[in-house]
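Heads up: the structure comes next, in structure tokens.
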């Protein structure tokens, strides 16, 4: 995308600069708009403003320099993808377990982003240089439905739904033990574990972000339970932390689970089985489903029903 300028008069009654820019430039995400402000790409009445919350009263002349999309410097990799749906706006993938979504420390290559860039090179730079096209994330060992946006307008359109909790997310989890009730609701703020900073934990509301998870029992086994889990919020490791809080950690979870694995599995058995979301150009939400991976199904087949 080439660099260009946008100029407009702030509407009355005004408001925060970043909020007004998002309303005036609906094809761009709030995080991107805020970055432009901090990087001195926005002028108000010919003066550079770097505070995202700068107050406008209405009538100010706002100028925005929209920089050209930077190269990701990521090398596409022809890794096979299990594509559930694709059109000009988005790509829906059944992510395999064990694959990291985007590059990070210790994972410079072989990620889902590298594979997607090989399949759809036009994603380069969409939504960010290091995470092109990424709308939401799944943990490395979590399998299932994940979305990638092919353009900035779709990226913003989808992310708004995630932030406003309008996305229906359904997971399947095989857990150790049995929850206290067949169905239930777990509510507990999640933040960094003060003793082990690499982990998340349920913490006081003042130190974390509110999190809400609903679960239903699908099948009860002798020592395990298959749960349908519906996270109403999207905090880091939310499902795993909340289920461990019930003393029913996800089978194979080496971070939040028991020290000794109850089944010989190579990862935690958590699967994003369904995702319901409104996509551009349609009037009603679309439901995407991902079949259960072989290792998850094999684990279910190996245990006894009570």
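Some values worked out for this structure:
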| item | result |
| --- | --- |
| Pair list, Cβ < 9 Å and 6+ apart or interchain, from the range 135-158 residues that are farther than 25 Å from residue 32 by Cβ and not assigned by TED's automatic domain parsing to the domain that holds residue 119 to residues that are assigned to a helix (DSSP H, G or I) and at pLDDT 95 or above | none |
| Whichever residue in the range 256-280 is under 22 Å from the mean Cα position of the chain (by Cα) and surrounded by fewer than 18 Cβ atoms within 10 Å (Cβ to Cβ) and, among such residues, is farthest from residue 179 (Cα to Cα) | 280 |
| Condition met for residue 35 (at pLDDT below 95, out of contact with any helix residue (DSSP H, G or I) (no Cβ under 9 Å at 6 or more places or on another chain) and either surrounded by fewer than 13 Cβ atoms within 10 Å (Cβ to Cβ) or at positive phi (or both)) | no |
| Lone qualifier among 58, 110, 53 - being surrounded by fewer than 16 Cβ atoms within 10 Å (Cβ to Cβ), in a loop (DSSP other than H, G, I, E, B) and assigned by TED's automatic domain parsing to the domain that holds residue 154 | 110 |
| Boolean, residue 190 is buried (at least 19 other Cβ atoms within 10 Å of the Cβ), touching a helix residue (DSSP H, G or I) at 6+ places or on another chain (Cβ under 9 Å), over 28 Å from residue 103 (Cβ atoms) and in the same structural domain as residue 291 (by TED's automatic domain parsing) | no |
| Residue satisfying condition, being at pLDDT below 95 and in contact with a strand residue (DSSP E or B) (Cβ under 7 Å, 6 or more places away or on another chain), within set 229, 305, 241, 251 | 305 |
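The values are calculated or read from the model by the stated rules, or taken from the named source; none is laboratory data. Note that this is a predicted model, so its numbers are computed, not measured. Cβ atoms come from the backbone with ideal geometry, glycine included; neighbour counts cover every protein chain shown.
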